[in-house]
Amino acid sequence: MKSRLIEQDNDISNGKEDIEWLVLWIVDDKALIVSKYALDVQPYSTYTDTDCTWKTCSLWEWLNSTFIDEAFSESEKMMFVTAEATDAFADNTANANHFIQERIFLLDRVDANVYFISDKERQCKLTAYARAKEGDSYWWLQSSGRYPNYAINVTVDGVLNEEGSDVASVAAVRPALWIDLDIQQK
């Protein structure tokens, strides 16, 4: 899938660049894709005064509004398959049946272990644009960490940090989405 251009080389004088995607899985006529590089850096959530979940974090809002509108045309958005995710704390079964619908998301901790089978495969380079904002950084997963305001991430070395980091921290963003392979782009 070729999506609209976004700034990646941190040189606005030469225009924006195509997003490169990795295909993680194909099932039936659908493909799960994730950006090859971390495209930006963002806090998981700027709403730190309450317990944070994937659905209530500012990163979810940014991906499903600002990012989606900047990175995809309307015809590209028609290829998206709405995904269903559980919005729950890692150890909190009270929220286990609270599902959310989303088009753009972050991989969760299970995905990070299933689709990337080694630390080396989980390592992710940042675009020059993202690196200029933060330097080398871990990348966020959508899963909640050990504490209410922590989210799980993948370290620069590709290690899954299951305890997580404070949601107010700034880290790399690697968007993922499901696309319908039967829908032709115009």
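The distance between label points at Ala83 and Thr66 comes to 2.0 nm (points 7 Å beyond Cα on the Cα→Cβ vector). Think of each Lys and Arg Cβ as +1 and each Asp and Glu Cβ as -1; about the Cα centre, that makes the dipole of region 12-180 roughly 300 debye.
With the simple spin-label model, which puts each label point 7 Å out from Cα in the Cβ direction, the Ala132 to Ile183 separation comes to 3.3 nm.
Remark: spin-label model distance Val159-Thr50 equals 3.5 nm, labels positioned 7 Å along the Cα→Cβ axis.
Rule-based calculations on the coordinates, nothing more; no lab input. Everything quoted here is computed from the prediction, not taken from an experiment. All Cβ positions, even for glycine, are placed from backbone atoms using ideal geometry, and neighbour counts span all protein chains on display.
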